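Engineer: What follows is a single structure, and I will ask about it in a moment.
A short reminder: the numbers here are calculations on the coordinates, not readings from a lab. Quantities reported herein were computed from a predicted structural model and do not represent experimental measurements. Using ideal geometry, Cβ is built from the backbone for each residue, glycine included, and neighbour counts are taken over all protein chains shown.
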Amino acid sequence: MEVVLGHSGLRRHRPVILPPSKAGGGRCSVKPASRSLLRSKSARTTSLRSSPNPQLPTWNGQAKLEKETEEKKSSFIENILRRKKFILLLDDLWSEVDLKKIGVPQPTQENGSKIVFTTRKKEVCRHMRADDELKMDCLSTNEAWELFQNVVGEAPLKKDSEILTLAKKNSEKCHGLPLALNVIGKAMSCKEDVHEWRHANDVLKSSSREFPGMEENILSVLKFSYDGLEDDKMKSCFLYCSLFPEDYEIKEEELIEYWINEGFING
């Protein structure tokens, strides 16, 4: 079992199970997928027409696996995976995952399977008994500044010498996080007024003081991005999304209907 340990904003993928044959001869390619193992691509690629175990529901049958008990779901997953060489990717773990409870066989030299997970907490590595750890460090000051310049572009930085100075300060406030550097850089790429750059610097500075020990220094970046939304209606639409559970698949038509009912937008 292997783990990638790093800050929020260094990576962002969803978990997916892929048989090595589907991942390029043993190499794994990450693709967006639902958080639930029950919707993993390995389950779909099996295309089971009938279940070898009569006690288990068929994937293509009328019985929906989502409606089954947790025990049957676990048995169904285990029945598939124990006969396969698989790679399982789990993203952003905050606590130990009981693999046996969800039907995932332990990887061994005999079955040749792999489990890779990402986390920002060292204790999760210990509890999951990871064999190999790969720590993802933030970018160095020079690397961060190079990325920030590339995202912002030359035009704003050449407009005024003070903008160049403020840009370096803003880059440093992103703490080497690629996500933060990209978000702030894109937001400032069309700003050629030195007053706008001063404002950005003040916002990032004040947010850091307001939220000491904030979540991996990313909250100030999110606040800056939020403050940059066009008007209060757009901000209300954005905040409304926080009412949904984490990793919930929000349907576009459903969300728009909610916004209309709330009076945020016209129908």
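Engineer: Under 1.5 on a/c is rounded, so check that first for the range 65-116, then, if it is not, pick prolate when a/b is larger than b/c and oblate when it is not; a ≥ b ≥ c are the square roots of the alpha carbon gyration tensor eigenvalues. Could the numbers behind the result be given before it?
Structural biologist: Details: a/c = 2.19, a/b = 1.20, b/c = 1.83.
It is oblate, given that a/c is not under 1.5 and a/b is not larger than b/c.
Engineer: Tell me which residues come under 5 Å, amide H to amide H, from ASP92 once H is placed; ignore anything under 5 positions away on its chain.
Structural biologist: Sorted by chain and number, the residues that satisfy this are THR118, THR119.
Engineer: First check a/c for the range 76-144, with a ≥ b ≥ c the square roots of the eigenvalues of its C-alpha gyration tensor; if it is under 1.5, answer rounded, and if not, answer prolate when a/b is larger than b/c or oblate otherwise. Mind dumping the intermediate values first?
Structural biologist: Working: a/c = 2.67, a/b = 2.08, b/c = 1.29.
Judged from the Cα gyration tensor, the range 76-144 comes out prolate (a/c at least 1.5, a/b above b/c).
Engineer: Which pairs in the list LYS159/LYS251; LYS173/LYS235; LYS158/LYS233; LYS100/LYS186; LYS73/LYS233; LYS67/LYS251 are over 32 Å apart, alpha-carbon to alpha-carbon? Let's see the in-between values first.
Structural biologist: On the way: LYS159/LYS251 43 Å; LYS173/LYS235 24 Å; LYS158/LYS233 35 Å; LYS100/LYS186 44 Å; LYS73/LYS233 42 Å; LYS67/LYS251 21 Å.
Checking Cα-Cα distances, LYS159/LYS251; LYS158/LYS233; LYS100/LYS186; LYS73/LYS233 exceed 32 Å.
Engineer: Please compute the length gained on full extension between THR69 and ASP202, using 0.36 nm multiplied by the number of residues separating them and subtracting their Cα-Cα distance. Don't skip to the end; give the middle numbers.
Structural biologist: Details: separation 133, 0.36 × 133 = 47.88 nm, distance 5.26 nm.
Result: 42.6 nm gained on full extension.
Engineer: Which listed residue (SER95, ILE163, VAL194) has the Cα farthest towards the positive end of the charge dipole for the range 70-209, taking +1 on Lys and Arg C-beta and -1 on Asp and Glu C-beta about the Cα centre?
Structural biologist: SER95
Engineer: Students often check this: by mean Cβ neighbours within 10 Å, which of 123-136, 238-251, 180-193 ranks highest, and how do the rest follow? Working shown, then result.
Structural biologist: Details: 123-136: 13.6, 238-251: 10.3, 180-193: 19.1.
Most protected by this proxy first, the peptides run 180-193, 123-136, 238-251.
Engineer: Another question about this same structure. For SER161 and HIS195, compute 0.36 nm times the residue count separating them, minus their Cα-Cα distance, and round to one decimal in nm. Provide the component values of the computation, followed by the final result.
Structural biologist: Details: separation 34, 0.36 × 34 = 12.24 nm, distance 1.28 nm.
Stretched out fully, the SER161 to HIS195 stretch lengthens by 11.0 nm.
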